[in-house]
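For reference, the structure discussed in these notes is given below.
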Amino acid sequence: MCCAALRSLSVSHVTYGCNNDRFGGCGTVLNVHNHSGFFDEDLKITSGIRKEEAIELLKNFYREENPNAPFPKVKKDSSS
């Protein structure tokens, strides 16, 4: 839904800091940004810009600024 909104606003390039490994739609879980048939051209995505800083900002927000935040779940290492 967010991707469709961006495209309807003629946004052609999105840049963000960190992926969401559980719910992400830009290559982590799904690739909704470049499904052929939905859009005339692919939405360009740049991820990982200042990744560590973005992760720390999100952790800080959920730890300190959101009293209703759920207890964080640690992702299990699938390589073990």
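The values are calculated or read from the model by the stated rules, or taken from the named source; none is laboratory data. On a predicted model such as this, the values are computed, not experimentally measured, just so you know. Counting neighbours? That spans all protein chains shown, and the Cβs are built from the backbone with ideal geometry, glycine included. When the accessible area is computed, the model is the full protein with side chains, heavy atoms only, and any ligands, DNA or RNA have been set aside. Shrake-Rupley method; radii C 1.70, N 1.55, O 1.52, S 1.80 Å.
Mind grabbing the accessible area of Asp21 for me, 1.4 Å probe, Å², rounded to tens?
90
As a quick test, which of the pairs Lys44/Lys75; Lys44/Lys76; Lys51/Lys76 have an alpha carbon distance above 25 angstrom in this structure?
On the way: Lys44/Lys75 28 Å; Lys44/Lys76 30 Å; Lys51/Lys76 20 Å.
Violating the 25 Å limit, Cα to Cα: Lys44/Lys75; Lys44/Lys76.
Multiply the residue gap between Lys75 and Thr46 by 0.36 nm, knock off their C-alpha separation, and tell me the result in nm, one decimal place.
Numbers: separation 29, 0.36 × 29 = 10.44 nm, distance 2.36 nm.
Full extension from Lys75 to Thr46 adds 8.1 nm.
Ordered by packing density, taken as the mean number of other Cβ atoms within 10 Å over each peptide's residues, highest first, how do 47-54, 4-11 rank?
47-54, 4-11
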